[in-house]
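Heads up: the structure comes next, in structure tokens.
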Amino acid sequence: MEILSHEYSIGTIKDSTKKTSIHVMKEFSEDEESLIARMYKLLGNRWVLIAGRLPGRTAEEIENYWTSRQTSLEDVREFSEDEAELIFRMFKLVGERWHLIAGRIPGRTAQQIEKYWTSRYSSSASSSSSSSSD
């Protein structure tokens with residue numbers, strides 16, 4: 001069972017006598033949250049480098065925390081004109097490689113960019129192709 005929220009991180013403790021795993025929840029402190037936000041602004045989604053600054057945290061824990069936090073916060077924020085232009089240009093260069101595009105836009109996840117692209121360009125592309133095939 002996996003429980004994710006922006007407040008908790010999942011760790012696994014293995015019980016060698018029973019050959020089972022117990023999930024332990026460990027909250028992110030305010031200091032950790034602040035450091036993750038600052039490091040993300042500097043490094044983007046380089047989770048391994050960010051985890052190197054947070055003893056006892058893995059890159060996966062930090063990515064899960066950040067993604068869940070950003071999903072709840074960033075879904076509300078509209079994409080700026082600069083972000084939209086960059087997404088369009090990057091898409092022309094690398095196609096649907098959303099992680100590469102997200103790496104160039106601090107504070108945005110690959111899922112957010114794909115959702116933005118799909119909502120903005122997929123419907124117009126599919127409607128224009130269906131009307132041209134008539």
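When restricted to residues that are of a type in the set (Gly, Ala, Ser) and over 16 Å from Tyr121 (Cβ atoms), region 78-106 contains 3.
Taking region 33-66 on its own, how many of its residues are in contact (Cβ under 8 Å) with a residue 24 or more places away in the chain and crowded, with 18+ Cβ neighbours inside 10 Å? Residues in region 33-66 being in contact (Cβ under 8 Å) with a residue 24 or more places away in the chain and crowded, with 18+ Cβ neighbours inside 10 Å: 9 in total.
Just so you know, all these numbers are worked out from the coordinates, no wet-lab data involved. The model shown is predicted, which means the values in this text are computed figures rather than measured ones. Here the Cβ is made from the backbone with ideal geometry for all residues, glycine too, and neighbour counts use every protein chain on show.
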